[in-house]
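Encoded as structure tokens, the structure appears first; notes follow it.
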Amino acid sequence: MSFPVLDDWIRAVVETPGLTALRDLDEARRVLLDDSLRGVEVARELEGPIVDVGSGGGAPGIPLAAALPDRAVTLLEAEERKAEFLRRWEARLPNLRVVRGRAEEQKTDVFGVAVAKALAQPPVAIEWCLPLVREGGAAVLWVGPSVDLDRVARVSERLAGGEPENRDGLLVILKLGPTPDGFPRRPGVARKRPLA
């Protein structure tokens, strides 16, 4: 899959200080772009708008927006400097919008899919992502081989989520009901006091 906007984006990520430690363009393409595009098929299976939680330099949200032009993609980023970088791509991808803020401060039960890559440990990331997703949608996390599915399952259950399904490094958790009362917890609490 080749899009000129993605070539420009990956170059800009590598050249902009503070977005990635990767300096080799080919490695950045593999780690940030190609790996992000693994989520396209999962996102296609689900309906509704997509949110990339803690978007950072834009992976996986910008590649998903390019590959799925008929889907609205929101890049959610708390740091102003990173949000400013992300806003540069809104004009090139009409289905993309950037929101500066934290996951815990957003309206719940809105998105069809919440995605996150390198956001936090999976139990914390799922606590930030799942409340944003409406019933029938899913959270999708890019995870490594050592992911603790039992811990993620315990958090998912507390947040009206289903059993985590590991699809070759993409952890998919369906949202089975509305976000329970008491969630999301206040900003910072999930990282300080994880549910599992």
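The values are calculated or read from the model by the stated rules, or taken from the named source; none is laboratory data. Owing to the predicted nature of the structure, the values given are computational and were not obtained by experimental measurement. As a convention, Cβ positions derive from the backbone with ideal geometry for all residues, glycine included, and neighbour counts pool all protein chains shown. We work out accessible area using only protein heavy atoms, side chains counted, and drop any ligands, DNA or RNA first. Shrake-Rupley method; radii C 1.70, N 1.55, O 1.52, S 1.80 Å.
Ranking request for peptides 46-57, 173-184, 62-73: highest mean number of other beta-carbon atoms within 10 Å first, then the rest in descending order.
Top to bottom by mean Cβ count within 10 Å: 46-57, 62-73, 173-184.
Please compute the net charge surrounding Arg185, taking Lys and Arg as +1 and Asp and Glu as -1 over other residues with Cβ under 14 Å from its Cβ. Mind showing how you got there, number by number?
Details: positive: Arg102, Arg158, Arg186, Arg191, Lys192, Arg193; negative: Glu104, Glu105, Glu127, Asp181.
Combined, the nearby Lys, Arg, Asp and Glu give +2.
What size of dipole, in debye to the nearest 20, comes out for the chain about its Cα centre when the only charges are +1 on Lys and Arg C-beta atoms and -1 on Asp and Glu C-beta atoms?
580 debye
Can you compute the FRET efficiency between Leu25 and Glu45 using 1/(1 + (r/R0)^6), with r the Cβ-Cβ distance and R0 = 25 Å? Round to the nearest 0.05. Don't jump to the answer; show the numbers that get you there.
Details: r = 31 Å, r/R0 = 1.25.
For R0 = 25 Å, the calculated efficiency reads 0.20.
Is any residue of the stretch 14-58 close enough, with backbone N under 11 Å, to a label point placed 7 angstrom from the Cα of Glu135 along the Cα-Cβ axis, and if so, which?
Within reach of a label on Glu135, which here means backbone N under 11 Å from a point 7 Å along Cα→Cβ, the stretch 14-58 contributes nothing.
Specify the inter-centroid distance of the stretch 123-195 and the stretch 1-36, based on alpha-carbon positions, in whole Å.
Answer, in whole Å: 27.
Using each residue's phi in the stretch 54-69, evaluate 6.51 cos²θ - 1.76 cosθ + 1.60 at θ = phi - 60° and report the 3J(HN,Hα) Karplus result to the nearest Hz, with x for Gly and Pro.
Couplings: x, 4, x, x, x, 9, x, x, 5, x, 5, 4, 5, 7, 10, x Hz.
For the stretch 120-196, what is the accessible area per residue in Å² when the probe is 1.4 Å? Before the final figure, lay out the partial values.
On the way: 3740 Å² over 77 residues.
Using a 1.4 Å probe on heavy atoms only, each residue of the stretch 120-196 averages 49 Å².
Candidates [x] 117; [y] 109; [z] 139; which is the computed volume of the Cα convex hull per residue in Å³?
The value matching this structure is [y].
Val189 to Asp150: FRET efficiency via 1/(1 + (r/R0)^6), r the Cβ-Cβ distance, R0 25 Å, to the nearest 0.05? Each step should come with its number before you reach the end.
Numbers: r = 22 Å, r/R0 = 0.86.
Computed FRET efficiency for Val189 and Asp150: 0.70.
Summarise the accessible area of the chain (1.4 Å probe, protein heavy atoms) by the percent that is carbon and sulfur. Present the calculation step by step, with values, prior to reporting the outcome.
On the way: 4450 of 9180 Å².
Carbon with sulfur: 49 percent of the solvent-accessible area.
Taking θ as phi - 60°, what are the ³J(HN,Hα) couplings along the stretch 120-132 by the Karplus curve (6.51, -1.76, 1.60), each to the nearest whole Hz, with x for Gly and Pro?
5, 4, x, x, 6, 4, 5, 5, 7, 7, 4, x, 6
Give me the percent of DSSP beta bridges within the stretch 69-196 that run antiparallel, rounded to the nearest 5.
Numbers: 9 of 20 bridges.
Among the beta bridges of the stretch 69-196, antiparallel pairing accounts for roughly 45 percent.
Mind checking which of Leu68, Pro49, Leu119 is farthest towards the positive end of the chain's charge dipole, using Cβ charges of +1 (Lys, Arg) and -1 (Asp, Glu) about the Cα centre?
Farthest towards the positive end: Leu119.
I need the peptides 87-94, 127-134, 154-161, 15-22 ranked by packing, meaning the mean over residues of other C-beta atoms within 10 angstrom, with the highest value on top.
Values: 87-94: 15.0, 127-134: 26.4, 154-161: 20.1, 15-22: 12.8.
Taking the mean over residues of other Cβ atoms within 10 Å, the ranking is 127-134, 154-161, 87-94, 15-22.
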